[in-house]
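Comments concern the structure below.
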């Protein structure tokens, strides 16, 4: 055994420690709850000089998977972490990696797949990977998260397959527990060994082709080789568990059980619920009941032989699934358990329940109730556990309209903004009450935008703080039609709504009239969603894209986005002896959108409300008559900017006055600067703005002067170019 030390840590923290100790070359990642903390903790280590891991912040999970694949092909040791819809977004990349046999490790912190949107833990994401050709280890404790991460890489390189380490979101990922880790990195690296490549991709003297086009019979032969690799995985896992046990003193099996040897009634489940089951079984045993519980440490390859042996004496088996394979009469775990027990000629009565979706808690009483269900012949073989029926009187109450219809006479603000006094008569499209933090710029910016739009509005919100704080079920802040879709697909979704609306109006199926379709994006949504937005703009759908730019992925705890300022501190751009914050410049999204040739692009700020509302009116005009319009507001986030809510308008104004966020518009290809701080004598250095926020206050130190100088030069360059484009020089 190698020397170990105790840690009191969460699953995500232990995953990060294992990754650091292994000495990976690269992590491609995109933040998504609840896996985000892995990248955050690794970035802290990187900032402090504890690891030289290359961390590439992709603009979405699909690209993160591609980055990882490329790095693996090039011979690097590669790791990733994701959850839920992030996993689904990247899913087409996973069979590519297994089919071409490049090893890596991916932590899947299991979470509910949307929609409706939920960030809590269940197993609806991991089951999508069952057919991807990746071995899947399932950790039910914090200790196993650490141990399985080490075992996973050794396994991956032995069988030349990418491997998943899965565990429960929040229950295992965030809850802390006592566990052990190896005292030094050397012990871990010696156990894993040196990486060997039979066909190095970067051997230019012996070039190879990866991922060829295949027809019959080559493709089926490729799949057969993948099948053989999975069989090899099944054979070597026991060997790996044994060798790791010798190293650590912790021995694992493909399946674990408590009191299963003579148990007549057994509960089978995955993940953190197993520990709860162990406690419940002890109580049942004390009452003289022959009860047991079992779990799987390996989901792929499915350990059917071992599970059948463990459950050989069971009369009644209840399989509890934190996921449903809709229409199949059970979740994937229960379907595989049924098939396995039939294969091995078990005569046990098998039932299954779907439970714990959306992170519902699981208690000892639930274990006992499920086992009673298994024994009760009157209970169905498959059902949902823990659902609650609505009360008819409450249902009728919910059917009543929340808001009175929006009715007002038109004031014709028009393309030039019209009479601004008219905005006082504009109906409120957003109701009072929301869950935003004090000082949050989102409600302010949305209301200013809507003050400039007189026509009826239809909203689509991408995932982010704005939708979370306004639509917590069963309440809504919106008096207008509203739809949510995920970060990466908002603009495309809204374009579909637009086209059907126009079609139905043309056919007389719905009343004619102008409608302004508005997509609201922020919290980094124009990173992962940029492709969708650009495609929509190039197609020219008549809609308005409104971006509230708060300079980070705020709804997942403030990780860097492509719009975060150079040098800014975030949860994935820490400040330490080896790192000064974000290492690259902020993205100029207005110029990117203007390059598509759309009729109207504008930047706005709450510090200049009249300018804001006039531009909103123009954007609405073009969005309903010509094509795609784009408006970007700089939006305060006191929580993550680390400043005071009461001073946010001054902070926003400083961003404008230092020209980090210049106010201008591009109308039909013509650029016009709407506010020039050089002319007003209000131009300030960038450092004055940076010093107003805790996230960038460290840049005042002399040691970071070169970073400030770089940002100042880039800000000046962009503003000078803007002035030249606007014929002001």
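Values in this text are rule-based calculations from the coordinates and carry no lab data. Just so it is clear, the structure is predicted and the values come from calculations on it, not from any experiment. Neighbour counts are summed over all protein chains in view; Cβ atoms, including those assigned to glycine, are modelled from backbone coordinates with ideal geometry.
Taking the Cα centroid of the range 102-140 and of the range 1-54, what is the distance between the two, rounded to the nearest whole Å?
19
Only bridges whose two residues both fall in the chain count here: according to DSSP, what percent of them are antiparallel, nearest 5?
30
In degrees, nearest 10, range 0 to 90: what is the angle between the Cα axis of helix 11-22 and the longest Cα principal axis of the chain?
80
Tell me the mean residue ellipticity at 222 nm calculated for the chain from its helices only (DSSP H runs of n ≥ 4, each -39500 (n - 2.57), averaged over every residue, nearest 500).
Dividing the helical sum by the residues of the chain leaves -11500 deg cm²/dmol.
Mean separation of Cα pairs under 8 Å and 6+ residues apart, divided by the residue count of the chain: what relative contact order is that in percent?
10
Which of the peptides 195-203, 82-90, 20-28 is most tightly packed, and how do the rest follow, judged by the mean count of other Cβ atoms within 10 Å per residue?
82-90, 20-28, 195-203
Cα-Cα pairs above 24 Å in the range 610-701: how many percent?
Looking at the range 610-701, the distances longer than 24 Å represent 33 percent of pairs.
Given just the C-alpha atoms of the range 255-384, how large is their convex hull per residue in cubic angstrom?
Normalising the Cα hull of the range 255-384 by residue number yields 98 Å³.
Hey, can you rank 677-685, 559-567, 338-346 by average C-beta count inside 10 Å, highest first?
With the highest mean Cβ count within 10 Å placed first, the list reads 559-567, 338-346, 677-685.
For the range 420-698, what relative contact order do you get, as a whole percent, if you take Cα pairs closer than 8 Å and at least 6 residues apart?
It comes to 18 percent, rounded to a whole number.
With everything on Cα atoms, drop me the angle between helix 273-286 and the longest principal axis of the chain, reported from 0 to 90° to the nearest 10.
40
How many times 2.2 N^0.38 Å is the alpha carbon radius of gyration of the range 623-662?
Expressed relative to 2.2 N^0.38 Å, the Cα Rg reads 1.57.
Can you tell me the mean projection area, over all orientations, of the convex hull of the range 420-698's alpha carbons? Units nm², please.
Directional mean of the projected Cα hull area for the range 420-698 stands at 14.8 nm².
Report for the range 231-350 the percent antiparallel among DSSP-assigned beta bridges with both residues inside it, nearest 5.
That works out to approximately 30 percent antiparallel.
Please give the FRET efficiency for residue 209 paired with residue 92, using the beta carbon to beta carbon distance and R0 = 25 Å, rounded to the nearest 0.05.
With R0 = 25 Å, the Cβ-Cβ based efficiency is 0.75.
Which whole-percent values make up P(r) of the range 247-323 when all C-alpha to C-alpha distances are grouped in 10 Å steps starting at zero?
For the range 247-323, the pair-distance distribution reads 19, 52, 25, 4.
Ranked by Cβ crowding within 10 angstrom, fewest neighbours first, how are 634, 497 ordered?
497, 634
Express the relative contact order of the range 255-384 as a whole percentage, based on alpha carbon pairs under 8 Å and six or more residues apart in sequence.
Computed value for the range 255-384: 29 percent relative contact order.
With a 10 Å radius around each residue's Cβ, average the other Cβ atoms per peptide and rank 5-13, 720-728, highest first.
5-13, 720-728
Where q = 0.11, 0.26 Å⁻¹, what log10 of I(q)/I(0) comes from the Debye formula for the range 198-282, counting one point per Cα?
Log-scaled intensity ratios, in q order: -0.64, -1.19.
How far is helix 36-47 tilted off the main Cα axis of the chain, in degrees rounded to 10, range 0 to 90?
For helix 36-47, the angle is close to 80 degrees.
Taking every pair of alpha-carbon atoms in the range 1-65, give the share separated by more than 18 Å as a whole percent.
38
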